[in-house]
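I have placed the structure first, in the form of structure tokens, so that the comments after it can refer back to it.
The values are calculated or read from the model by the stated rules, or taken from the named source; none is laboratory data. It should be emphasised that the depicted structure is a prediction, and the values quoted were computed from it without experimental measurement. Cβ: placed from backbone, ideal geometry, glycine included. Neighbour counts: every protein chain shown.
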Amino acid sequence: MITLIIKRLAAAVVIIVFLTAVMFTLQKVSPVDPVHAMLGAQASGQEILAERRRLGLDRPVVEQYFSYLAGLPRGNLGMSYRTRRPVSTDLASFVPATAELSTYALLFALILAFLLAIAGILIFYQRLGWLPATGRTSYADAPTGPTGFLTIDGLIAGRPVVTLDALRHLLMPALAVAAVPAVSIGRVLRSSLISGMRSDYVRTARAKGLSERHIVVGHVLRNCLGAALSMTGLQVGLMFSGVLVVEQVFAWPGIGQYMAQSIPAGDFPAIAGVTLLLGVVYVAVNAIVDILQAVADPRIDA
């Protein structure tokens, strides 16, 4: 098990470093000049030179990359051209909303089969008026901390009405994100369970007089979890892309909106910051999935 963990962590580090190299290269070949983007078209030549020197853009490209790489563990993702703030500060503002949405989406994905976002808006908002269609909360003075999750912060602040309102706002976008992963994971798990129930060890367990519940939970489910866990790891990446789109549909104030606002402005540090964040999360989730597969099935070669 220790060997497996070391291998997965080493592979994760290699993938993340490669991702940083790709993002840094794309930034360098981008036609957008970061200095002009930050200072504006009216900046003088002297101001541009001074800003370029301050940002370290006058140094060799290789030196710039290693400086960029060294700053990442400290959360230094550069300055946003659009907001004029550190990208890490912007992400700290937007990530909790996306993290809360993604968390509830994963929970829903375990129990749901199918739901369409547009149908949800038409039925539950426009026709029935049961659920809100946009935004994160109806309260202008909703608590902003300490966790960034309104469903939790409302309870901490002693305002359960905020938590209930946040849950109402979460329901439709979280279901929309969860729909596709739920179908895929459920289909794979169902196929594995059907195959497992026909295996020889199940017939042996039945011959020994074990109950069906004990056979399914204690034997079949554990042997069939590997395929479902693999599909879950793959679906995380698709879920991220779904989150970015769903946040636009439901006007959810997360990193999807931050990314959508940054792309037209050519705000490459912001785009790179979001991409790196999602890449790190995706690599981490898949590393955890690999470890869980080994826990579920010790026969997996470490």
For Glu51, all conditions in the list (1) assigned to a helix (DSSP H, G or I); (2) farther than 22 Å from Gln257 by Cα; (3) out of contact with any helix residue (DSSP H, G or I) (no Cβ under 7 Å at 6 or more places or on another chain) hold save one; what is the number of the exception? (3)
So Ala92 passes all but one of these: (1) closer than 30 Å to Pro143 by Cβ; (2) of a type outside the set (Phe, Trp, Tyr); (3) crowded, with 17+ Cβ neighbours inside 10 Å. Which condition number does it fail? (3)
Right, Tyr258: more than 30 Å from Val35 (Cα to Cα) and either at pLDDT 80 or above or touching a Lys or Arg at 6+ places or on another chain (Cβ under 8 Å) (or both) or not? no
List every residue pair whose Cβ atoms lie under 9 Å apart, where the two residues are 6 or more positions apart in sequence or sit on different chains, the first residue falls within the range 184-206 and is farther than 12 Å from Leu221 by Cβ and in contact (Cβ under 8 Å) with a residue 60 or more places away in the chain, and the second residue, located anywhere, is β-branched (Val, Ile, Thr) and part of a helix (DSSP H, G or I). Ile185/Thr232
Kindly indicate whether any position in the range 213-221 is surrounded by fewer than 20 Cβ atoms within 10 Å (Cβ to Cβ) and touching a residue at least 40 places away in the same chain (Cβ under 8 Å). no
Does any residue in the range 144-168 that is over 19 Å from Trp252 (Cβ atoms) come within less than 9 Å, Cβ to Cβ, of a residue that is among the hydroxyl-bearing types (Ser, Thr, Tyr) and modelled with pLDDT of 90 or more six or more places away or on a different chain, and which pairs are these? Leu155/Thr163
Restricting to the range 40-88, give me the number of residues that are closer than 22 Å to Val22 by Cα, hydroxyl-bearing (Ser, Thr, Tyr) and over 33 Å from the mean Cα position of the chain (by Cα). 0
Failed criterion for Val62 (all others in (1) in a loop (DSSP other than H, G, I, E, B); (2) of a type in the set (Val, Ile, Thr); (3) out of contact with any Asp or Glu (no Cβ under 8 Å at 6 or more places or on another chain) hold): (1)
Of all residues being among the small types (Gly, Ala, Ser) and not in a loop (DSSP other than H, G, I, E, B) in the range 18-39, which is farthest from the chain's Cα centre (by Cα)? Just the residue, please. Ala37
One residue is enough: does the range 214-233 have a residue meeting the conditions under 19 Å from the mean Cα position of the chain (by Cα) and under 30 Å from Thr144 (Cβ atoms)? no
Candidate set: the range 131-160, residues that are in a loop (DSSP other than H, G, I, E, B) and of a type in the set (A, V, I, L, M, F, W, C); chosen: the one surrounded by the most Cβ atoms within 10 Å (Cβ to Cβ): Phe149
Flag if Leu57 is at pLDDT 75 or above, assigned to a loop (DSSP other than H, G, I, E, B) and crowded, with 18+ Cβ neighbours inside 10 Å: no
Taking interchain pairs and intrachain pairs at least six residues apart, which have beta carbon atoms under 6 angstrom, with the first residue in the range 237-249 and without any contact (Cβ under 8 Å) to a residue 24 or more places away in the chain and closer than 15 Å to Ala97 by Cβ and the second surrounded by 21 or more Cβ atoms within 10 Å (Cβ to Cβ) and not β-branched (Val, Ile, Thr)? Leu244/Gly256
Residues in the range 161-173 that are surrounded by 18 or more Cβ atoms within 10 Å (Cβ to Cβ), hydrophobic (A, V, I, L, M, F, W, C) and touching a Ser or Thr at 6+ places or on another chain (Cβ under 9 Å) total 3
